[in-house]
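Working notes for the structure below.
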Amino acid sequence: MKKMNLPNKLTIFRIILIVPFVLLLLGQSGGWGWYRALFGGIAEYVDYIALAIFIIASLTDLIDGKIARKYNLVTNFGKFMDPLADKLLVSAAMIALVELRRVPAWIVILIISREFIISGFRLVAADNGVVIAASYWGKFKTTFQMVMVCLMIADIPQLQLVTDIVMWIALALTLVSLVDYLMKNKDVMRDTK
């Protein structure tokens, strides 16, 4: 069996980090006994620990891609798992934030639906031998979603207006990037047989 390279290890690490991140973020609302026993006096800071984990996980996404391209370590495993790890991280964070009532569920449904639509679109494209590259709209969307999640995890009342503005921008970019993908690649869905 071939040894796993560093970018792929970082991708797996990002997926693993989702578990403690969600446990920390939801533990305070779940009434879990272990949570109170473990964090007792520092429970008010646990959101910041969860935030630190989310930021570290997000940074591994930047790092693994750069390493893979720079040192020619791009693998089929990485091509499949890297975007999946990103979607799992952001989806887990947003669903947890719905549970904490920090983001409306309908916004999260739209954001996650966009990811499913694009993933399905890419599958059809790949089946036809077409590779759909990430667009700038998609990159902007990801950046604003990450910032939105960070602001919502931190839950700082003085930044509520900023958080709301970033949320609306992230939602707008989610929809714009979806339309952009579909318009630029509409031929992928046409039957050629």
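Being surrounded by fewer than 14 Cβ atoms within 10 Å (Cβ to Cβ), within 25 Å of PRO7 (Cα to Cα) and of a type outside the set (Asp, Glu) is true for just one of PHE144, PHE80. Which residue is that? Can you show your working first?
Values: PHE144 fails: surrounded by fewer than 14 Cβ atoms within 10 Å (Cβ to Cβ).
Exactly one of PHE144, PHE80 is surrounded by fewer than 14 Cβ atoms within 10 Å (Cβ to Cβ), within 25 Å of PRO7 (Cα to Cα) and of a type outside the set (Asp, Glu), namely PHE80.
Could you check segment 96-138 and list, in sequence order, the residues that are part of a helix (DSSP H, G or I), more than 30 Å from GLY27 (Cα to Cα), without any contact (Cβ under 8 Å) to a residue 40 or more places away in the chain and open to solvent by 80 Å² or more (accessible area, probe 1.4 Å)? Before the answer, list the steps.
Taking segment 96-138 first, the residues part of a helix (DSSP H, G or I) are 96-99, 105-127, 136-138.
Within this subset, residues satisfying the condition of being more than 30 Å from GLY27 (Cα to Cα) are 117-127, 136-138.
Still in the running and without any contact (Cβ under 8 Å) to a residue 40 or more places away in the chain: 119-120, 122-123, 126-127, 136.
The answer is LEU123, ASP127, TYR136.
Within segment 74-91, can one find any residue that is touching a Pro at 6+ places or on another chain (Cβ under 9 Å), of a type in the set (A, V, I, L, M, F, W, C), part of a helix (DSSP H, G or I) and at pLDDT 90 or above? Spell out the reasoning first.
Within segment 74-91, the first condition is being touching a Pro at 6+ places or on another chain (Cβ under 9 Å), and the residues that meet it are 74-75, 78, 82.
Remaining after also requiring of a type in the set (A, V, I, L, M, F, W, C): 74.
Applying the additional criterion that residues be part of a helix (DSSP H, G or I) yields none.
For segment 74-91, residues touching a Pro at 6+ places or on another chain (Cβ under 9 Å), of a type in the set (A, V, I, L, M, F, W, C), part of a helix (DSSP H, G or I) and at pLDDT 90 or above: absent.
Just one of the numbered conditions (1) modelled with pLDDT under 85; (2) open to solvent by 70 Å² or more (accessible area, probe 1.4 Å); (3) over 30 Å from ILE165 (Cα atoms) is not true of TYR71; which one?
TYR71 satisfies every listed condition except (1).
Name the single residue that is most open to solvent (accessible area, probe 1.4 Å) among those in segment 165-188 being under 21 Å from the mean Cα position of the chain (by Cα) and free of Cβ contacts under 8 Å to residues at least 12 places away in the same chain. Don't jump to the end; show me each part of the working.
Keep residues of segment 165-188 that are under 21 Å from the mean Cα position of the chain (by Cα), which gives 165-182.
Checking which are free of Cβ contacts under 8 Å to residues at least 12 places away in the same chain leaves us with 165, 168, 172, 179.
Details: ILE165: 88, TRP168: 128, ALA172: 49, VAL179: 83 Å².
Result: TRP168.
Output the residues belonging to segment 134-161 that are farther than 16 Å from ASP86 by Cα and aliphatic (A, V, I, L, M).
Result: LEU151, MET152, ILE153, ALA154, ILE156, LEU159, LEU161.
I'd like to check something: does segment 151-164 contain any residue that is more than 14 Å from the chain's Cα centre (by Cα), crowded, with 16+ Cβ neighbours inside 10 Å, among the polar types (S, T, N, Q) and farther than 30 Å from LEU6 by Cβ?
Taking every residue of segment 151-164 in turn, at least one turns out to be more than 14 Å from the chain's Cα centre (by Cα), crowded, with 16+ Cβ neighbours inside 10 Å, among the polar types (S, T, N, Q) and farther than 30 Å from LEU6 by Cβ.
Within segment 53-66, take every residue that is crowded, with 16+ Cβ neighbours inside 10 Å and over 11 Å from the mean Cα position of the chain (by Cα) and give me the one that is nearest to PRO7 (Cα to Cα).
At the first step, the residues of segment 53-66 found to be crowded, with 16+ Cβ neighbours inside 10 Å are 53-54, 57-58, 60-61, 64-65.
Next, only the ones that are over 11 Å from the mean Cα position of the chain (by Cα) stay: 53, 60, 64-65.
Working: ILE53: 18, THR60: 9, ASP64: 4, GLY65: 7 Å.
This residue is ASP64.
Which ones in segment 83-95 are β-branched (Val, Ile, Thr) and open to solvent by 30 Å² or more (accessible area, probe 1.4 Å)?
Matches in segment 83-95: ILE95 only.
Need pairs with beta-carbon distance below 8 Å; first residue within 27 Å of LEU24 (Cα to Cα) and within segment 48-71, second among the β-branched types (Val, Ile, Thr) and open to solvent by less than 70 Å² (accessible area, probe 1.4 Å); sequence gap 6+ or separate chains.
Short answer, once both residue conditions are applied: ALA50/ILE153; LEU51/ILE153; PHE54/VAL149; PHE54/ILE153; ALA57/ILE18; THR60/THR11; ASP64/THR11.
The values are calculated or read from the model by the stated rules, or taken from the named source; none is laboratory data. Because the structure is a prediction, the values reported are computed rather than measured. Quick reminder, even Gly has a Cβ in these numbers, built from the backbone with ideal geometry, and neighbours come from all protein chains shown. Ligands, DNA and RNA are excluded from the accessible area calculation, which covers all protein heavy atoms including side chains. Shrake-Rupley method; radii C 1.70, N 1.55, O 1.52, S 1.80 Å.
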